Structures are given as C-alpha cells and as structure tokens.
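Q: There's a structure below that I have some questions on.
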Amino acid sequence: MSEIKLFRPQRLTDNPDGGGLATATEIVDGEVNNLFDDISRIDRVNGELSLRKVFPIAATENTELFSDLHVIVQSPPLDPRVSSVIFRTNTGWGDEREDAKEYVERYLDPSVITRMIPYDRQLQGQRTVLVYQRPELSLPEIGEVYALVNETVGTSEYFRVQDIDHEVQTFTDADGDYQARVITLTISQALTREFLGSQPNRYFTAESGRSQVRKTIASDAARYRGVVRLAHDASAGDLGVKVESVYAQLVPAAASEVAVTDTPPPGVTGLVASSHQTLTFTAHSQRIWRLPTAIEPGSLRTTVSLVAFDDGLGSLRNGSPTGPITGAIDYARGLVELGGVPGTVAMTYRPAAVVSKAAQSHQIPVTLGNRGYVYVATLVPLPAPGSTSVSFRALGRWYTLQDDGTGALRADSGVGVGTVNFQTGTVSVSLGAMPDVGSSVVIAWGTRSEYEIRTGDLQIETPAVRLQLGAGNCEPGTLTVQWEAGGVTRSASADAGGQISGDASGRVVHATGEVLLRPLVLPDSNTLFACDYEAGISTTEVFTPSASGGSVVVTASGAPIRPGSVRLAFAAFAENSDGLPGSVQVELTDNGAGALLDETGQVVAGASVVYASGIVTFPATYMRTMQQLTRAEFGGILPDRVGVDASGRFILKQYRWLVPSTPVNGAALAGFINGTAVSLSFKLDSVADEVVAEEHEPGPLRIDLTPRVRNAIVPGGVYFTLAGRDYFARQGTLYYGVDLANGAGTPAGTIDYSTGEVAITSYVGGVAPGLTLRALLTEVSPLPVYMVNGRTPGSPLRPGTFQIRANRVLDGQMVMATADQNGNISTADMRGTVDSVTGVFAIAFGAYVLDSSLSPEERAANWYSPDNVDADGYIWRPREVIPGTVAINCVVQVALPMDPDIIKVNPVRLPMDGRVPVIRAGDTLVIHEPLPHPLPAGLAGGQVVNLPRGGLASIAVYDAAGRGVPLNIFQHQDLEAGQLTLASPLNLDGFQQPLVVIHTVEDMALCLDAQLNGEVTLGQPLTHGYSAGAGLVSSALILGDAQARYERLFAQNTWTGEWSNERIGTPPTGGAQFNDALWPIEVVNAHAITERWRLQFTSPTAFNVIGEQLGVISTGNTSQNVAPINPATGEPYFVIPAAGFGAGWANGNNLRFNTVAAGGPFWVARTVLSGPATNLDDRIRLQTRWDKD
C-alpha cells in the first residue's frame, strides 16, 4: 500500500463550507464518486465548476521524511468537455470552499486609474456602465476587465466589457463648449451595488469622493497546475516539446460575437512647448494653483517664500530638483498643488499645449529567432515627450508601457521598463515577460515635428477693426472715418490707392468696400465708426479663360471702367515637393493707375488694367507659401508581395524608405489652370456716384496670428499681452484675468484655430495697441501616414470581418479593403495582414507595381529607390493617407462566462474564455506517457508478466470495474526491464479480472519557457521518446517535504489576540519557559496537522489548549503529559512532555508553537463545458509523488 494516502475533508460539497479539516476517510483509488458527484443534465446544459479538497498525508507512525512531496494531474478526463486543474489556497489546514472561491476569483488585481470617468450614478442592477473621456483617447477593449472603485467609501466591483457604444457629445459650462466621448459599456454581469460618478467637465477629472475606473493586471497570486497532451512527437534528446495548449479550462464559458464599427486606431497625446519664454505668476497664501496654460515638464520653479524645482516627473521638490517633495504638478491641466500654504510665491514656468492626434506606428513581429526580453527600435519621425507607448502580448494578455514625458517608459510593477531618446528616436524596452511568438511588439508615438512656435513672427500686425461699407464699393480717395479713442475724436482717410493714414493705418478695397483699420490708439469700447465716402453701382462678371504666353486676359463688358474699382479673384493650383496638390486663392485689385496689387498691396509684375477697353491682364503663375514635407529614411516593415507564413498570412518583411518627418512652410509656384472661374468686379465709368454717410458698430478687434502661412493654432497654445492685458484661450474662447485659485477667467472674445484669427471683444481702450506674443504654438500640417500598425479593440476576430478605410492625401478619395479568411488584404490601394487570434494588424497604403511600368517622373519621386526593386521587377509605390481618416470595423468573438449563481464562482476577474495557464516558465514538469496493458484472466501466484516496454518510471493496476489494485500483488517489480512477478500466494479477492496495468515512462524537467502556441522549452533533454496524443505533460503542485514536526516554540507573557510567529511583548515575567532541548514535543506523521497552537495558562499549573483554527480543544496541567486527541485519527495531535515545564508560569502566560503536518491540503477543480457527454463513466487521475530512502 502507498505510504502517502489521500484523505477526504469534512464536507465533499460545493457549499460555502465545503472542505474543512481532514478526516480519517481514505479516498479509494478508482471508487465511483470518491471525490466528485455525478455530472447532472443541468450541468451539461449550463456548464459547471466543482471544487473539492484533498489531503495527501504520510500515514506512518513515525516522522519519516518523504522528500519534496508533489502532486500532478496524471491524466485528463476522457470527456473533452471536462477538464481538471489543482491548486492551493495557502489559507490554512481547514480552509473551505469559500476560501477556494476567493482564490479562484483573484486572477486579476486592480491597477492604475484609467482616463475613463464614471458618468453620474451607476445603479445597482445595471448591465451597463456609462463613462466619459477625452475624444482622442482610444476606446476600451471588448473583453477587458476593469474595476469600478470608490476609495472614499471603500467599495469596488469588477466588470468585463461585453460591448461598446460611443459618441462624441458637446457639453457647455461657464467657459463655453467642449467635447467629450461618452461610452456605454455593456457588461457581463449586473452591478451589485451603486457607484456615484461625476458630471462631465472640461478638465476630465473625477469629482472628489466619487468613483473611478481602474485597469486590472494579472496577479501571480493564483497559480494552477494541470495536464495537457503533446501535439507533436518528441524524441530522446529534445530540449523542448509542443503541447496542444498551455491552458486548461477553469470556468465554463459560451461564445458570442460583437461588432466593432468606425473605430480609429488608438491616438496619442503629448505635451509640446508653446513658447521659448517663461510666464510668471504671483499669489499669496495659496496652496492650489490653476495656471492658464499647460506646463512643460521640468520647467516650473517657485521663488520668494518657497524655493522649489520641478523634477519633470510631476513633483515639486524643495531647494533642488532632487530635494524632498513639497508639491505635485499636473502638467496637462496646469495644476500645481503645494504641500502647505506658504506666504507670497512667484511661480515661473514654460507654457505648453496638450496635443492629441492619430499616432505614428510601428511593430516588431515576434518570432522564435528574435523572441526575448529586450527590443530596440529607432523611430522616424522623432517622438514627442509623453507620447510613446509600447504594447506586447504575453500568455494571451496585452501589457503597455507609457512614456512619462521624461523619456522613461513605465508600467505596473513587473510589466517592464524602457527609455525613449527624443533626439535620436531610439526606443529600448526591457519587458517583464517574453512576448508570445506570433504576436508583435507594437509601438505608437506622436511627433512634435509638425508643430512650430511662432511668437517671433514679424508679419503679425497690430489689432484691426474690420468694416464693410454698406454700398459694397468706394470711389478712390473719398473715404474718411471718425471714431473716439480715450475720449478724443480720431480720424483717418484713404488715398486713391486705398492706403489709410491719419490716426490709423490700413487699407480699403475700393471694389468691394472692405475696410481694415488699424488704430494707433485702441478705440473706446462704446464708440461708433462714422464713414463718409462716395459709391456707385458695381458690376461682377465671371469668366473661364485660358492662359496664353504666361498671361491670362479677360475683358469687362461696357468699357470704359472706373479706375480704382477693379477686383479680380480666382484659384491657383500648386504641387508641393511630394507632388501633392493644393490650391490658393488669388485676389488682385487695381491701384487706379492701371496696375494690379496683391493682397499685401504690392504691385504684381505683368498685371495691368486698360480702363478704356476693359482689358485686364494678369500672370498665370504666383509664388505662394505652401506646406512642404521633409523626409527621413526609416527601416519599417511591409507586407510581402508573395511570401506567406504557415497560417497563410503575408510575411512582414523589413523595408527601408523615406517617410514624412517634418512639415515646413515653403515657397511653391501656383499656376492658373485653364477653364478656372475668374470673378471680375468693376464699376463702369458711366456710373454716377453718390455721397454716403453711415455709422458702424466697432465689432471686435481682430489679430491674424498666422499671417501668410496656413498653420493651424494648437488649442491651449496661445498666450499674449495686448495693451497691458494678458489673454489666453480655451475651447475657442478668449479670456483674460486668470484666477489662480480656480483657473477661471473673464470671457473676452473668440479664436478661430484653423485661420489663426482672434476676435477681441473686451480690451483696454484709449491706449497704444502694444502686442506681445508670449506663447503661440501652431501645427504646420498633420504628417500623412504610409502605414498603420495596431491592434483591434478586442480579440480574437471572426476571420474575414476586418475592414479598414482611409482617405488618400493625393486626391482625398476614400479607399477601403476587407481582409480575407487568412487575414490578408491585397487591393490596388493597400496591402496588409491581420492576425485573427491577437487582433494585431499591419496595413500599408499603396501597391506593388512593375518597375518597368513607371514613368521617369515616378522614378524621380522621393519614394523611389532601385534598391527596393525585387527579383521579379516589382517595387512598392506608397499612397499616403490622411491620419485622422483611418477607421476600422471588425467582429470580435467573445466568451461569455456562466452565471456566478450557477457555477458558484464569480468569473468576471478570470480570463474571458475561462482558461488559465497550467504550463508556465518556472514550473516543474512531468513529461510522461501512460499506456494500458491488459493482463490475462486467471492470474496465478508467482506468474511472471512481461510488459511491452522497459525503462518505466511507475505502474498502476486497475481491475475491470476501474478500482485501483494495490501494488502488493507483486512480489517483485523490475521497472527497468518491464517485468512483474505476482505474489504467491496471490489474493485478488474483491477485484474483477481481467486486470489492466498502466505502465508509464517519464522525464522531469524545469520549464524554461512556455509560449502561447504550445512550444515548451525544457531545462534538460528528454531521455525517452513520446508520441502525440498518448504523451502528456503535467505541471507539478509542489507541497514540500512531508514530515511531521513542530517549530517556533516560545513563551509570551500575555496574549494580545494576534497569532504571530514571533513573540509579541516580553517573555513571562516569572521566567517560565519550556525546555524542548531535553523534552521535545512529540509528533507523528499520521496524526499531526498544520496548525498554530498556544497553551493559555489559567493558573500557575493549568492551561487551555487552543488552536488558531480549531479553538479550545482540551485542557491540561504541568504535571501531566499534554496529548489532545485528533478525532480524525483517534490519536494525539502532539504530545507535550510534562517534564519540559519549569516553574514560574502565571495566569495569562502563553506557550506558543506550530505543528506542521506530513503533507498538506490542495484543491481539485472539475470544469464541465456545456454540451452532450461523450463518456458516461469518466475519471480524473491524480498522482502523489515523493522521494525517500
């Protein structure tokens, strides 16, 4: 018989108190329902999870050592819809099913706070969670688990995202409109309690004391062991095996599908400095500061009563950037919180703006050849601080490292670390786990090369008042304007050329009556502008002429025409250095002397007006500012033209090409295209003019912050001073007078970010219009993308459902493609691949074309390199797309965990498909192949049985009814030779013949690596061969040495109520102690349990015997041996010799010690998936293993 036996617990049920203490009832090998109940019809329909506790104990009447006791699942159930894993809770000898349930549920733990904010109340019983976030942030993933927490009241609940619905909504507060993305998350289980959320706010912050959403991270607290089958044959000498899966089913789950539509690839956010200068603000006795702009990390410092420095990581440090922390900084919100309330503080920082946009992207495919912990890439264009993220997949779960703005890539503990060099673009990461083969390391980043600080632009002029004369035209030399400034009447007049002088400068366009007045002293806010001028009826004609000899000619009808009344408008077209088209609007007016002037008032060479005949001539080409792209070489990836991998997907090959790196404003020749509409406005000389007198409301002061360039202003990137008043902008509204306590300001106008024009409605009148630009960040142009790398918001995908669309930069046309069943995309507009298992995609925009089909102009393009022509004469021709137009659709396959009321475990924190890894790096593995060998009927004593193979590790014998037969039926076992000799006499009473011998060969090895595809790397070579299907790999649950013992004996003066393995307080004041050197406590393998004990003295000689789990079980005194009975075995748990007690014991003293059993409990999980049974009589085989002399 086995010296280590399996014993039942008190209760073999799935009730919360199932399990408990060990009993003396042995689990009989092969006995029907010896551990689990039958699988019911309801279990077969709904799925089921049963948890049972087992005690392997060395049943010997001594303290013999059984070294390194461990347990394996020796063979899986026969029914493929039934699986089994084993685990330990480590919560004590008497743990119950409720403890096992909590262990199972703790697969994920809460992690960092997300940027999703719960929207208002989330009610008990809801099957949805409503959140809001910034519009540019990526959506949560379907199947992802989050924790809804309110740390103020101490409540939390986990939820799994089952479906997503989202829309961008506009909200309004005292500062104007702002947008937020409102997301409805359908969850797998109804909320069990109410959570208070926050109302949306433009700062996207949770209200104090309200709920937040945290990410979750896989916890190593729950480790499972199981058995899996070999997928391929393995030979002696191999250092690895391939198994069907490294996972086993822990909870049942059902399949479903969710459509994901119109989802952009994840965007990025970052901080970009908006000025080369600093801003300074001063306040007294203020702890929380809300500055008017974002803060460049590392730039802030305080002076006067508090001298502190910004460390660039969000902390304000006293005295130096490395000193003690004295405050916190939220750079994006411009929020500074000081640790105390000092006196007067001056705060100086460099302003910045938060930029958010579609990401640049790259991926490194993970193969057997490059799989490791460290990955390096050089990014082009260069990444902006705070914008880089690196994602990788390990054992089926995605992890992300994020740049903190200082160049450090950070994540939760154990996920990994890395660095970003903003000058070279080099990214280096050291991952906390090796990524799965077949997945990719995905890198996304934003750039700052598109942005330009224009605070030193000399073309920016002083504020202007814009007036539109009511008659729609003005006779040259007749306009005069009067207004009040500083209580003084001011006046200005225009000459025949339209130039304004006097108390203002500016210009009037005679043909249209547009007046741009730049007062030398700012007008009073309540003044009216009185305009006197002469005007008559104007005529407008439209022509579609053609150029000839570099000029274009149109002729006005009814000539002669009035000098100074001509206006010409048309579109000219240009190409930048990449051949991308653009258009510019050209507007010319005459100067009354036969010349035409451009928008700046400069004479246009080659342009003229003949007033007598009405002939207007203008040149066909013009130099205009246009956005150009500089490029840099980048070693990226490209889906191969013909090569595919084993799954049929295009191979991603390395490819070097010139990619957009920096947009700049450059001169380009814009030309007139024949047939373009030309609008000609003029006044016939015969028209009679009338004197007009009219008054105009002043309207706002207008400043063009981006003259002569097409840059867009970055929201949050403006701060300027006009006439001594400081202005800043938020969400399209201009403010002045920031309140540093709450960040509010007084509305003072509007800003058009696309045109760069500010309209100021509140200003200081009667003073000179001094203008100082303190911060001005503009975007030259979004960088087009040639390729998109990323992952879908959830996986796996239903094959053939991935779809992507985008608009080309060249012509704005939308291109669209759908992946085939293999995950490949191959159209005239794009080529790419998507992995349906991981959701990782790589899509390149363009096509492979024959090099011989290209024109000389195409070969001269910057994308062309003869080095990129392949052996068949093909080359990749990119067609870049507008980044903000990329969107994907797909169908995500999701697993729906069963109702927790049915399976009696809440599966929300478990993996979505209910599977957990049972083969992991660091596990002890048993590679084995058990095969049956039937013995002939009518066995006789002394008979020799030859098994079909030798070199065996173990045998087991079962009778015809499946009951285990003790191995003492053999008088000799030669496992090396595979020969068994039956005992004589042979007693097989109670067993049904024929018998079956299960003979097993095996190897044990340390698991060095386990990959998602089933590749397992071993620490030592195999010594046997194993066949697919019959060969098994089991991970061992190591219980440790099995030997009863006692430990940690000490005396304590008083009991504090805390069970500690170290003395709390002092020894007994009377000097009492137990002498175990001469009188050790006696324990026996068969009867000891793992428990913490204390003898609590009730007098100098009497005491109670108390166990941490068992409570008071006996009494005793110092004159007799103490031997409390273990009711499971009928023998003492331990024996304390009376001679070991000395004198000096007193009431309240305690003698503390622990006993350790010769074995320990573990739990067996049996999982049933929904579906019909394939085996009515099934079994799970466990094996306890050890070494001893």
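Any read-out appearing in this document is the output of simple, stated calculations on the displayed coordinates, not a laboratory observation. The model shown is predicted, which means the values in this text are computed figures rather than measured ones. Note that we place each Cβ from the backbone using ideal geometry, even for glycine, and neighbour counts take in every protein chain shown.
Q: Restricting to Cα pairs below 8 Å that are 6+ residues apart, what does the relative contact order work out to for the chain? Please round to a whole percent.
A: Computed over the chain, the figure is 16 percent.
Q: Still on this structure: Give me the number: length gained by fully extending residue 38 to residue 653, i.e. 0.36 nm times residue separation minus the C-alpha to C-alpha distance, one decimal in nm.
A: 216.0 nm
Q: Using the Cα centre as the reference, give the magnitude of the dipole from point charges on the C-beta atoms of the stretch 1044-1156 (Lys, Arg: +1; Asp, Glu: -1; all else neutral), rounded to the nearest 20 debye.
A: The dipole magnitude comes to about 140 debye.
Q: Based on alpha-carbon positions alone, could you give the equivalent ellipsoid semi-axes of the chain from the gyration tensor, as √(5λ), descending, whole Å?
A: 80, 39, 23
Q: Check cross-link reach from residue 357 to the lysines: straight Cα distance under 24 Å, and skip same-chain residues fewer than eight apart.
A: Straight-line reach from residue 357, under 24 Å: 215.
Q: Principal axis extents for the stretch 1044-1156, Cα atoms only, whole Å, descending order, please.
A: 38, 28, 23
Q: For every helix of n ≥ 4 consecutive DSSP H residues, a contribution of -39,500 (n - 2.57) applies; sum these over the chain, divide by its total residues, and give [θ] at 222 nm rounded to the nearest 500 deg cm²/dmol.
A: Using -39500 (n - 2.57) per qualifying helix, the result is -500 deg cm²/dmol.
Q: Placing one identical point scatterer on every Cα of the stretch 108-218 and ignoring solvent, what is log10 I(q)/I(0) from the Debye formula at q = 0.14, 0.16, 0.17 Å⁻¹?
A: Computed log10 I(q)/I(0) values: -0.51, -0.67, -0.76.
Q: Please sort 1172-1183, 404-415, 799-810, 345-356 by packing, taking for each peptide the average over its residues of neighbouring beta carbons within 10 angstrom, highest first.
A: Result, highest mean first: 345-356, 799-810, 404-415, 1172-1183.
Q: Compute the distance in nm between two label points, each set 7 Å from the Cα along the Cα-to-Cβ direction, one at residue 921 and one at residue 488.
A: 8.0
Q: Right, next: When the Karplus curve 6.51 cos²θ - 1.76 cosθ + 1.60 is applied with θ = phi - 60°, which whole-Hz ³J(HN,Hα) does each residue of the stretch 981-988 get, with x for Gly and Pro?
A: Per residue, the Karplus-derived 3J(HN,Hα) values read 10, 6, 5, 9, x, 9, 10, 10 Hz.
Q: Among the listed pairs 5/53; 53/904; 5/101, which have their C-alpha atoms separated by more than 18 angstrom in this model?
A: Over 18 Å apart, Cα to Cα: 5/101.
Q: Here's another thing I want to ask about it. Using a 10 Å cut-off on Cβ atoms, rank the peptides 239-246, 301-308, 445-452 from the highest mean neighbour count down.
A: Highest mean packing first, the order is 445-452, 239-246, 301-308.
Q: For the stretch 1026-1112, state which trypsin sites (Lys or Arg not before Pro) are in a DSSP loop and have at most 16 other beta carbons lying within 10 Å of their beta carbon.
A: Values: sites: 1045, 1048, 1063, 1092, 1094; in loops: 1063.
Of the trypsin sites (Lys or Arg not before Pro), the ones in loops of the stretch 1026-1112 whose Cβ has at most 16 other Cβ atoms within 10 Å are 1063.
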